[in-house]
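Below you'll find the structure I mean.
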Amino acid sequence: MPTCNGQCPHTFPGSHLFLFIALLLTTVFNQAGAQNGAFRITDYSAVGDGITLTTLAIQSAIDAAAEAGGGRVIVPPGKYLTGGIELRDNIIFELQGGATLLGTDQLDAYATHEGTDQHGKVIQRRHLISVTGVKNVLIEDKGTINGQGKFYWETPAAPPPQWIKAKTPRPNALLEVADSENITIRDITLTNSPNWTCHIMHSQDVVVDGIRIINDLFAPNADGIDITGSQRVRVTNCDITTCDDAIVLKTWKDGQPCEDVTVTNCTLETLCAALKLGTESYADYRRITFSNCAVRTASRLFAIYVRDGGTVEDVLVSNITGSTKAPLVLNRPIQLMIAKRTPESPVGRIRNVSINQVSCETDGRILLTSIEPDRISDVRIRNLHLRYPFVEDPTAAGSDIKSAQFPTTLPEVLTAKATIVAKNIRHDLDEMKGLGTDIVCIGITESDIKYNEGNIRFIIEEAHQRDMQVFAVPSRMAGITAGQPIEPPLFGYHHPETAVLRKDGTPVVRKTHGILSSFYHPEVKNYFIETTSKMLEQFDLDGIIWDEPKSTWWEWQDFSELALKDNPEGATTSNTWRTLRTSFLISMLN
């Protein structure tokens, strides 16, 4: 028998035969695992009992597919306890219906990548599913990734509503896509995340479609979808319930800008912001759209926060409906804010933002604020419908607020009693003045007089500082004048006896205008004169413009008893409103 350096290895009869059989079995095993390009994790010893740790088995299937140049890794129905796994290039990760990946409570079982946090601090980053530095990955099907976040939370000190505190250390995002290209995540469910849920970081051409995120509404830092410094990202058809921000864009220190991001057709529920940019804003944001989203509840429907010097520009928000019924104080339907994270932080910019067709039930204020003048410009808010059961008085809570998502350096803003509060905004008045316009018209509704006094005074003061005249346009007043916004008047609902009547005696009620009141009823005349007189007394106006009346539109005839006295066939002529307008103005002058 041959020798090796004077030492003889132990041999056994038939050892070569055993080796041959082992190699043959390995070949058959790999062929079975890779049948039709599919690699089933159960062929690599994964056990779906929810108890056995299967990290190595799942990773082996992924690695085998990668070594074959790519393939479909199948997670069949079952519960698979796992630590961190890493996907490779050209992998389809099929999480079949009935399959659940359960995050382990053993933090050292998570794959670790050295990286940074949002402010540039070097940290160890751990994720249950990591898609890092790869291309062409699809994560799909009807299965679930359950982070079992409770392992990393403190026991709540009290029942809800009560924020849950996090233990340290804990995993980072449940699923993270970082420094990758051409990634799609669709139809899966992510739940019980111990931290952020789905993080897209410094990646390009990413699609997130049809996923569900279900987290505890009081879980610590459980953001839904975070998009950090990425380009060409599309988020569609997602349903998210979570504690922290539902869908939020960020730009980190020494990171990339967020560009060409679209979010559409999502349903959201959160105790923080439903749709948000910031607060991390070291790099820029541009060409961002949010559309067609329904928000079951949130603290803010839409918000932009710039605290690190970046520029946010070319943002479109449209067709958003929802509620800010979160169990918090000082909820805000819309907020745009520029501040400084530290005294040394540069001051950023917000410009070219369009917000259109937003409907929200709220008790909070719209806040548009900047720490310096002229840093927020070209903001358009149109077709905004806010329903106020009541307007929250910010005096008590506002004076004590410490949150970095409030303009804490502007105390007058924190306690301002108005539904819209603006500070250091570059005004359209500047553009108007530059074009040679010297007159500003403000549409004022009945509810504006009651609830928006601060906003009206602000516009008047700003206009007068620019030597511009200000005229009030009574809008929807008593249901007899036209104008914007489309808001049913209060008067008609409190005085239905004043309604314009059809020939059959039924009142004329229009969806957008409410009850149309008759010119001929003395209560209408008296109310209109009293209200417009109050405008002149309450505000430093240069005059009033009475817009076109609506209760004698061509298609309506007024058959109310008072109208028929002078018009037996019903009040229909165009001269009616001209005559009555003159009568109103004479009464006001007297």
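List the strands (runs of 3 or more DSSP E) inside the range 100-200, counting only whole elements, that have at least 1 residues being farther than 22 Å from residue 245 by Cα, assigned by the TED database to the domain that holds residue 213 and not small (Gly, Ala, Ser).
Fully inside the range 100-200 and qualifying: 112-116, 122-126, 129-132, 135-140, 181-186.
Answer yes or no: is there a residue in the range 71-84 that is at pLDDT below 95, of a type in the set (Phe, Trp, Tyr) and either exposed (fewer than 14 other Cβ atoms within 10 Å of the Cβ) or out of contact with any His (no Cβ under 6 Å at 6 or more places or on another chain) (or both).
no
Also, quick follow-up: Would you check if residue 229 is in contact with a Leu (Cβ under 8 Å, 6 or more places away or on another chain), small (Gly, Ala, Ser) and within 24 Å of residue 312 (Cβ to Cβ)?
So residue 229 does not fit the description; no.
Right, something else. Checking residue 253 against (1) farther than 18 Å from residue 174 by Cβ; (2) in contact (Cβ under 8 Å) with a residue 60 or more places away in the chain; (3) out of contact with any His (no Cβ under 9 Å at 6 or more places or on another chain); (4) open to solvent by 10 Å² or more (accessible area, probe 1.4 Å), only one condition comes out false. Which one?
It is condition (3) that residue 253 fails.
Something else: Could you list, ordered by first residue, the pairs with Cβ atoms under 6 Å in which the first is in the range 157-171 and at pLDDT 90 or above and the second is aliphatic (A, V, I, L, M), at least 6 apart or interchain?
164/219
To keep it simple, each residue is scored yes or no on (1) at pLDDT 85 or above; (2) open to solvent by 70 Å² or more (accessible area, probe 1.4 Å).
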position: 396; (1), (2): no, yes
position: 399; (1), (2): no, yes
position: 405; (1), (2): yes, no
position: 409; (1), (2): yes, yes
position: 414; (1), (2): yes, no
position: 418; (1), (2): no, no
position: 427; (1), (2): no, no
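In addition: Among the residues of the range 355-369, which ones are of a type outside the set (S, T, N, Q) and part of a strand (DSSP E or B)?
Within the range 355-369, 355, 358, 360, 361, 366, 367, 368 meet the criteria.
Keeping to the range 499-516, report how many residues are in a strand (DSSP E or B) and either open to solvent by 10 Å² or more (accessible area, probe 1.4 Å) or modelled with pLDDT of 75 or more (or both).
6
Residue 123 passes all but one of (1) in contact with a Gly (Cβ under 9 Å, 6 or more places away or on another chain); (2) of a type in the set (A, V, I, L, M); (3) surrounded by 19 or more Cβ atoms within 10 Å (Cβ to Cβ); which number fails?
Against the list (1) in contact with a Gly (Cβ under 9 Å, 6 or more places away or on another chain); (2) of a type in the set (A, V, I, L, M); (3) surrounded by 19 or more Cβ atoms within 10 Å (Cβ to Cβ), residue 123 comes up short only on (3).
Name the pairs: first residue in the range 399-420 and free of Cβ contacts under 8 Å to residues at least 60 places away in the same chain, second residue exposed (fewer than 14 other Cβ atoms within 10 Å of the Cβ), Cβ to Cβ under 6 Å, at least 6 apart or on different chains?
415/395; 415/399
Turning to a different aspect of this structure: Taking into account only those residues within the range 270-328 that are within 18 Å of residue 385 (Cα to Cα) and not in a strand (DSSP E or B), which is modelled with the lowest pLDDT?
My answer is 325.
Residue by residue through the range 231-269, note down the ones that are among the acidic types (Asp, Glu), more than 24 Å from residue 214 (Cβ to Cβ) and part of a strand (DSSP E or B).
259, 260
Within the range 163-183, how many residues turn out to be open to solvent by less than 70 Å² (accessible area, probe 1.4 Å) and more than 17 Å from residue 85 (Cα to Cα)?
2
Inspect the range 31-51 for any residue being open to solvent by less than 90 Å² (accessible area, probe 1.4 Å), farther than 28 Å from residue 177 by Cα and at pLDDT below 95 and give the result as yes or no.
Checking the range 31-51: at least one residue is open to solvent by less than 90 Å² (accessible area, probe 1.4 Å), farther than 28 Å from residue 177 by Cα and at pLDDT below 95.
If you don't mind, another one. Pairs please, first residue from the range 448-463 and surrounded by 14 or more Cβ atoms within 10 Å (Cβ to Cβ), second anywhere and among the small types (Gly, Ala, Ser), Cβ atoms under 7 Å, 6+ apart in sequence or on different chains.
Cβ pairs passing all conditions: 452/418; 454/416; 454/418; 455/418; 458/422.
When residue 392 is evaluated against the numbered criteria (1) part of a loop (DSSP other than H, G, I, E, B); (2) touching a residue at least 24 places away in the same chain (Cβ under 8 Å); (3) of a type in the set (Asp, Glu); (4) surrounded by fewer than 15 Cβ atoms within 10 Å (Cβ to Cβ), which criterion, by number, is the only one it fails?
(4)
The values are calculated or read from the model by the stated rules, or taken from the named source; none is laboratory data. As the structure is a computational prediction, the values presented were derived from the model and not from experiment. Using ideal geometry, Cβ is built from the backbone for each residue, glycine included, and neighbour counts are taken over all protein chains shown. To get the accessible areas, we keep the full protein, side chains included, count just its heavy atoms, and leave off ligands, DNA and RNA. Shrake-Rupley method; radii C 1.70, N 1.55, O 1.52, S 1.80 Å.
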